[in-house]
Amino acid sequence: MLSTMQDVPLLISRILAHGSSIHGTSLVTTWTGEGEPARRSYAEIGARSAQLAHALREDLGVEGDDRVATLMWNNAEHVEAYFAIPSMGAVLHTLNLRLPAEQLIWIANHAADRVVIVNGSLLPLLAPLLPHLTSVEHVVVSGPGDRSLLGGASARVHEYEELLAGKPTAYEWPELDERSAAAMCYTSGTTGDPKGVVYSHRSIYLHSMQVNLTQSMGLTDQDTSLVVVPQFHVNAWGLPHATFMTGVSMLMPDRFLQPVPLAQMIEQERPTHAAAVPTIWQGLLAELGAHSRDVSSLGQVTIGGAACPPSLMEAFDKLGMRVCHAWGMTETSPLGTVARPPAHAVGTEEEFTYRTTQGRFPAGVEARLTGPGGERLPWDGESAGELEVRGPWIAGAYYGGEGAEVLRPADKFSEDGWLKTGDVGTISADGYLTLTDRAKDVIKSGGEWISSVELENALMAHPDVSEAAVVAVPDDRWGERPLATVVLKEGSTADFTALRSFLAEEGGIAKWQLPERWTVIESVPKTSVGKFDKKVLRRQYAEGELDITRL
Ligand code: AMP
């Protein structure tokens, strides 16, 4: 029997129409560094998205599933691009501005981007790349910046505001197939070429609804979300779409991502929610320690993208900012788990333990653990294996390039189509995921696994340590052993013996897991999206660049 329900496609244009009408007075506020921030209502964003779509179609000739790239910070214009491009049927391709030049060139050529919308402040980055971007015909510049840098470019250069001026403020958005491509994002890929994940209208729509559930971020139109996670990193964790569904206002930091301006914007604009990777919050915490600020509005902070150290969670709790830990990947849109404690644990000692896990799977994400021999492992909170997931907002393949089939590499997808996350961990009987490592970061010592994340969390709980990264290094006797690299707080000195005892006594680390190789570093190298870049540390060790103390 067929259902009797209407078959209405789940489209981004619907989210835009809803947000810009029902929630027309909600705001996107963009920080400008000096003076008043720029404020734009959702109604204005809706009108300007229509104007942008007209400009792209009528002036620039964008049609079909042409790729329109953005090289932009988080700001109102980027939100307009988020809605205009997919709603008109084209594909939004967010370029990660922190990638090395050669990767950006490779990615833009692979995606065959026809247009790049760029913030003026990023022209110094784009200008030298442009001669190598073989498919780009148009560059659209938004905001202040030195246009003369584009002199001699073969692509046509346009002004964002001039393109929009005078265009109709409504657009007849096409009724697309909900499964068609809406947006794409390349994973930064530590091995091999970057891989393109292509989101559909349907996947984004369903994911946005999940983000909005109370057991996920649970925001309403009474909230303002400080969206620090970049719009080029997995659609800013789905926030721009989710907020347009519910009318949550957005505070966008543009290029002002350093601790001081972040603290200023929180104090001045009083967001109730914020989302970013742990590194950003470590920086903010240090700033709040040095200069007291009123951050009392910020009741909820979503931390993900890398493991949130429990010490960071505790410090934030003390400041009244309640951390909600979440796990996800570019391939999972990204929301995979959210660490809301179960009802029975609320108010008990168990609550904090639940909150420090990566969290619980929502109905839309099926999960299983696979052991080294391909066997299914039980959800017993102890058996550790690779996490595999499946669901309507989880990638089932990568983009193969113009005219090519999609790619399904065997190390990324199981034969029955599940995504192999490359993350290793356990799942408890009540569905909470605890990650112990990336498969490639786990330390294999004498046939047993040592969790680098557990060692890092224990180290970062020490009052002298501001950051710590632990990597596997070769060892003649054990195969691999942990190397502890430590960033000390200002004015602290290194006493590795004391740190080692701290790990055993306070951190509860088993004796055989305690590192014997130690070094102090100035900062932990980070990837383009702000995560610990352990391959750099492994290389530095291999090349003898680190000054190692052996205990
Ligand atoms: P990306 O695709 O760049 O967002 O990276 C995804 C990867 O980041 C995941 O596969 C995890 O290894 C890591 N990750 C994301 N969130 C967390 C988290 N809450 N705890 C630990 N690792 C995380």
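All of the numbers you see were taken from the coordinates with simple rules; none came from a lab. This one's a predicted model, so the numbers in the text were calculated from it and none came from an experiment. Using ideal geometry, Cβ is built from the backbone for each residue, glycine included, and neighbour counts are taken over all protein chains shown.
Worth pointing out:
- With 30 Å as the limit on Cα-Cα distance, the pairs of K318/K412; K412/K511; K444/K531 that go past it are K318/K412; K412/K511.
- Counted residue by residue at 0.36 nm each, then reduced by the alpha carbon distance between them, the extension gain from A170 to D547 reaches 129.5 nm.
- Across region 1-93, the convex hull enclosing all Cα atoms gives 129 Å³ per residue.
- Cβ-based charge dipole, the chain, positive-most Cα from N75, A404, W512: A404
- Distance between the pseudo-spin-label points of E382 and E415 (7 Å out from Cα toward the beta carbon): 3.1 nm.
- Dimensions in Å of the chain - Rg and Dmax from alpha carbons: 23.5, 73
- The trypsin sites (Lys or Arg not before Pro) of region 1-82 include none that meets both conditions, a loop assignment by DSSP and at most 16 other Cβ atoms within 10 Å of the site Cβ.
- From least to most packed, judged by other beta carbons within 10 angstrom and beginning with the fewest, L369, L219 follow the order L369, L219.
- Gain upon complete extension [R390, T220; 0.36 nm per residue less C-alpha separation]: 58.4 nm
- Here the spin labels are modelled as points 7 Å beyond Cα on the Cα-Cβ line, and at A38 and L319 they lie 2.8 nm apart.
- Using a simple spin-label model with pseudo-atoms 7 Å out from Cα toward Cβ, W512 and S292 lie 5.0 nm apart.
- Take the Cα radius of gyration of region 441-550 and divide it by 2.2 N^0.38 Å, N being the number of residues; the result is 0.99.
- DSSP-assigned coil residues among trypsin sites (Lys or Arg not before Pro) in region 454-534, each with at most 15 further Cβ atoms within 10 Å: R477, K489
- Fewest-first ordering of E456, E467 by other beta carbons within 10 Å of each residue's beta carbon gives E467, E456.
- Burial ordering of W512, W478, W73, fewest other beta-carbon atoms within 10 Å first: W512, W478, W73
- Computing FRET efficiency as 1/(1 + (r/R0)^6) for V536 and D59, where r is the C-beta to C-beta distance and R0 is 56 Å, gives about 0.80.
- Two-site FRET efficiency, S21 against Q268, from Cβ-Cβ distance with R₀ of 30 Å, rounded to 0.05: 0.55
- At R0 = 45 Å, FRET efficiency that the Cβ-Cβ distance of D476 and E349 yields, to 0.05: 0.55
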